[in-house]
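Student: I have a structure I would like to understand better, so I am pasting it below and will then ask my questions one at a time.
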Amino acid sequence: MKTKYIAAAIGAAFALCAQAQDAQIDRKVADLMKQMTVAEKVGQLHQLSGRQFTGPTSSAYADKLADIRAGKVGSMLNVTGVADTREIQALALQSRLKIPLLFSLDVIHGYKTVFPVPLGEAASWDMEAIELSAHIAAREAAAAGIHWTFAPMVDVARDPRWGRVMEGAGEDTYLGSQIAVARVHGFQGRKLGATDSVMATAKHFAAYGAAIAGRDYNAVDMSEQQLHEVYLPPFKAAADAGAATFMNSFNTLNGIPATGSAVLQRDILKGAWKYKGFVVSDWGSVREMVPHGYAADLSDAAVKAINAGSDMDMEGYAYTQHLEAAVKAGKVKMATLDDAVRRILTKKFELGLFDDPYRYSDAAREKAVLGDQSHRAAALDVAQKSIVLLKNENKLLPLSRDSKRIAVIGPLADSQRDLEGGWVVQGDRARVVSIVEGIRSHAGKAEISYAQACAPGCASSAGFAEAVATASRADVIVLAVGETWDMSGEAKSRTDITLPGQQEALFDALKATGKPVVVVMLAGRPLVFNTVADKADAIVYAWFPGSEGGNAVANVLFGDYNPSGKLPITFPRGVGQIPLSYAQYNTGRPVTDEKNVVYKSAYIDSVNTPRYAFGHGLSYTDFKYAGLTLSSPTMAQGQKVTLSFDLANSGKVAGTEIVQMYLRDMVSSVVRPVKELKGFQKVHLKPGETRRVSFTIDRDTLSFFNSQLKWGAEAGDFKLMIGSASDDIRLETTLKLTQ
Ligand code: BGC
């Protein structure tokens, strides 16, 4: 009891101290702003890209340097490393008011140590590992002069044609919200200003993940329900977790460019959510309101963007060229400009840049932190946790090391670049462990042979015969195929998401040898690979696993790590099913029998079910679910109930199961999806061990965005489901919510 009081007192003291610090910063910002001209204020809202993009010898680059010296720039992106950030910061300190610059960068999945791509990490469903990955990325970036990362991307994405599914946490709102919080905490720590952390950015606000037909930068059109229930909650979670900044997005949302949307930025973010950070535009998205047909010219775009709540203009040149005149002409109120400037300066004070503008640019720290080999262990850990075992016929995996001959084949088997994936900053490519290298170093007595068969992309089959000959001499084949690193990410939408090039033909040729084939697949998105799914003996989905990828894959193949990853996004059977999510609606004509779909909500050339469902992922052990209880079959508004069951490891090896809780609101004023994820737990069990697992359900768990456009839970029956995947429900019961 006593310790509880002491903890509460310490907490209260910290809160008071934080309030006092905030008040002090508010005063400093106000004092500084009193000295600023309108031009200097506008300067704080202008973000420029650094030398990497223009080249130090170009005249545009010289102009940029002059603008920095003149106090016309508030932030730079793409300047990195202690030497460069110091050099550029020194220019800003020559300006009249010596306001330091913010250095920002896309540190998406690691800086020097490359972690799995974010979609891969999401498959770990492991908040601690994800937070640590973001923390290490921040630690390395912050040691190299960076104050601010443009991550996490918290866009829900249900269309794997969209290349940027790779950068997010997949299709689910609940999982995505948890991951958003983990990443924000990882990047920022609990408070801004520590030199092993950077400011986070929740992006892209909002609904960018729903670009029509999965085509990047395309329009988005969606109901209020979808927006509030599916797409906004991860942003709200990021804001509540303290994300220092938000980035708006390229897309229009129901006809209004997100960058010019006062509903999104003023009413929702800064209004209803009381957000205190600042909003940066996406690259040139202010300017792009002209081609969208929403702004007449660049000046009109500047006015519309800032009035809508876009605080900083990234490489758009609209603010720097037109805002001062717009303020003079009364098109933008001084209070609007001041609000944007205040938000940005506040972050500069919180980071401690006014006390020491170079505090993130310390050459000794840069050397020590970027050389810190302990970071590799964390990269290996999360890479292993990210791997999803999709299929394992006759328990082919794990492979035995005893006197086996293993042929490692495939265009991605010895690739280092492809393991890193897109958005790599300073990755040490030479030290990326390829798949064949990982297998060789973990193989023990097994004999390893290798043939590439074709180059990444697999345009030619010229090397297939040699690969087949190598494979024929082995007992088991490991085939590494998939997308190359540059096939997913921004501007990498695809209409055909099957295995690129001739990789399926390569698989067929190897399968024809009669040897068992383990397919290791790399990709930044769900791919469609029906032949492989039907005929491969085992499939290991490794995403783009990062610097330690080869070791992670090898540990899984040999059973040194028992896979536990689960898909954070649905894998369709064909692009014709897209968009496809487990959280679909029942319709008035649901399919109850796949053999009779006439006049049902179905296709005549494909079943509705996905190839691999959201939440799917196998283990080398078996888990049994039993003994479901609900603390009460009814619940009144304001009460809580507990759902519990026994999870047992009934197999022969230790393993981790990610148990998933779904629910369905059976009858409501707005129809609800057939399943919604509302909880999950990662449970590690030794062979033979049983553990009771519990979930608490309260009103929030049952709430949705109702027909009055408000959050609330409606009385009635809820089906509660516990499963190993969204299509593998093991236990269920009903809860009645009373008035
Ligand atoms: C992307 C953003 C990114 C920005 C800066 C844009 O094209 O959409 O996600 O942060 O560039 O590199």
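Student: I'd like the residue in the range 245-281 that is in a loop (DSSP other than H, G, I, E, B) and within 13 Å of the ligand (Cβ to nearest atom) and, out of all such residues, is surrounded by the fewest Cβ atoms within 10 Å (Cβ to Cβ).
Tutor: By that ranking, first place goes to 250.
Student: Go through the range 634-650 and count every residue that is touching a strand residue (DSSP E or B) at 6+ places or on another chain (Cβ under 6 Å) and in contact (Cβ under 8 Å) with a residue 60 or more places away in the chain.
Tutor: Qualifying residue count, the range 634-650: 6.
Student: So, in the range 282-300, of the ones that are open to solvent by 50 Å² or more (accessible area, probe 1.4 Å) and either within 12 Å of the ligand (Cβ to nearest atom) or not aliphatic (A, V, I, L, M) (or both), which residue ends up nearest to residue 319 (Cα to Cα)?
Tutor: 287
Student: Filtering the range 466-516 down to residues that are of a type in the set (S, T, N, Q) and within 29 Å of the chain's Cα centre (by Cα), which residue is surrounded by the fewest Cβ atoms within 10 Å (Cβ to Cβ)?
Tutor: Looking at residues that are of a type in the set (S, T, N, Q) and within 29 Å of the chain's Cα centre (by Cα), I get 495.
Residue-wise test of (1) in a helix (DSSP H, G or I); (2) closer than 26 Å to residue 120 by Cα; (3) of a type outside the set (S, T, N, Q).
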residue	(1), (2), (3)
353	no, no, yes
372	no, yes, yes
379	yes, yes, yes
384	yes, yes, no
411	no, yes, yes
415	no, yes, no
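Student: Now for a different question. Say whether the condition of being free of Cβ contacts under 8 Å to residues at least 60 places away in the same chain, within 16 Å of the ligand (Cβ to nearest atom) and over 30 Å from residue 36 (Cα atoms) is met by at least one residue in the range 57-64.
Tutor: Checked the range 57-64: no residue is free of Cβ contacts under 8 Å to residues at least 60 places away in the same chain, within 16 Å of the ligand (Cβ to nearest atom) and over 30 Å from residue 36 (Cα atoms).
Student: Another question, if that's okay. Against the condition of a type in the set (D, E, K, R) and over 18 Å from residue 117 (Cβ atoms), how does residue 483 come out, does it pass?
Tutor: no
Student: Looking only at the range 136-178, count how many residues are within 12 Å of the ligand (Cβ to nearest atom), assigned to a helix (DSSP H, G or I) and aromatic (Phe, Trp, Tyr).
Tutor: 0
Student: List the residue pairs whose Cβ atoms are under 6 Å apart, where the first residue sits in the range 604-633 and is over 15 Å from residue 388 (Cα atoms), the second is modelled with pLDDT under 95 and surrounded by fewer than 19 Cβ atoms within 10 Å (Cβ to Cβ), and the two are 6 or more positions apart or on different chains.
Tutor: Listed pairs, sorted by first residue: 607/594.
Student: Taking residue 242 as meeting all but one of (1) within 14 Å of the ligand (Cβ to nearest atom); (2) part of a loop (DSSP other than H, G, I, E, B), write down the number of the exception.
Tutor: (1)
Student: In the range 179-206, what residues are open to solvent by 10 Å² or more (accessible area, probe 1.4 Å) and closer than 21 Å to residue 524 by Cβ?
Tutor: 183, the sole residue that qualifies.
A quick yes/no check of all residues on (1) among the aliphatic types (A, V, I, L, M); (2) in a loop (DSSP other than H, G, I, E, B); (3) exposed (fewer than 14 other Cβ atoms within 10 Å of the Cβ):
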{"residue": "576", "(1), (2), (3)": "no, no, yes"}
{"residue": "582", "(1), (2), (3)": "no, yes, no"}
{"residue": "591", "(1), (2), (3)": "yes, yes, no"}
{"residue": "610", "(1), (2), (3)": "no, yes, no"}
{"residue": "667", "(1), (2), (3)": "yes, yes, yes"}
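The values are calculated or read from the model by the stated rules, or taken from the named source; none is laboratory data. As the structure is a prediction and not an experimental result, all values here were calculated from the model. Don't worry about glycine lacking a Cβ; one is built from the backbone with ideal geometry, like all the others, and counts go over all protein chains shown. Keep in mind that these areas ignore ligands, DNA and RNA; they rest on the heavy atoms of the full protein, side chains included. Shrake-Rupley method; radii C 1.70, N 1.55, O 1.52, S 1.80 Å.
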